[in-house]
């Protein structure tokens with residue numbers, strides 16, 4: 001959650017704000033408005049496979065046939081291994 005908040009707070013800006021900010025400095029300023037709690041409520045964080053599966057199943061249940069996931073932090077190898085070994089088999 002700390003990593004998601006530090007690297008990607010502007011993903012949680014309300015309304016169209018993220019579409020109208022003109023400069024990176026404005027994004028930095030607006031990102032300060034986003035709390036860690038907002039991030040933790042909206043982004044599955046950590047290595048709890050069930051938490052991630054719950055989030056992904058919501059899209060599957062809504063009829064999406066493609067869902068893109070990504071790792072916000074630095075440990076890309078662990079992300080791909082967990083996706084291959086745990087998430088994808090559980091969703092098939």
**Study point:** Residue match in segment 37-55 (condition: more than 26 Å from residue 84 (Cα to Cα) and at pLDDT 90 or above)
**Key:** yes
Review point. So which residues in segment 41-60 are in contact with a helix residue (DSSP H, G or I) (Cβ under 8 Å, 6 or more places away or on another chain) and touching a residue at least 12 places away in the same chain (Cβ under 8 Å), if there are any at all?
Key: 42, 43, 45, 47, 49, 52, 53, 56, 57, 60
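State yes or no: is residue 37 within 30 Å of residue 90 (Cα to Cα) and without any contact (Cβ under 8 Å) to a residue 12 or more places away in the chain? Step through it out loud before you land on a result.
Working: within 30 Å of residue 90 (Cα to Cα): yes; without any contact (Cβ under 8 Å) to a residue 12 or more places away in the chain: yes.
Yes; evaluated as a whole, the condition is true for this residue.
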Exercise for review: Could you look through segment 61-86, keep only residues that are farther than 19 Å from residue 1 by Cβ and touching a helix residue (DSSP H, G or I) at 6+ places or on another chain (Cβ under 7 Å), and pick out the one that is surrounded by the fewest Cβ atoms within 10 Å (Cβ to Cβ)?
Suggested key: 67
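The values are calculated or read from the model by the stated rules, or taken from the named source; none is laboratory data. Values in this document were obtained by computation on a predicted structure and should not be read as measured data. Note that each Cβ is placed from the backbone with ideal geometry, even for glycine, and that neighbours are counted across all protein chains shown.
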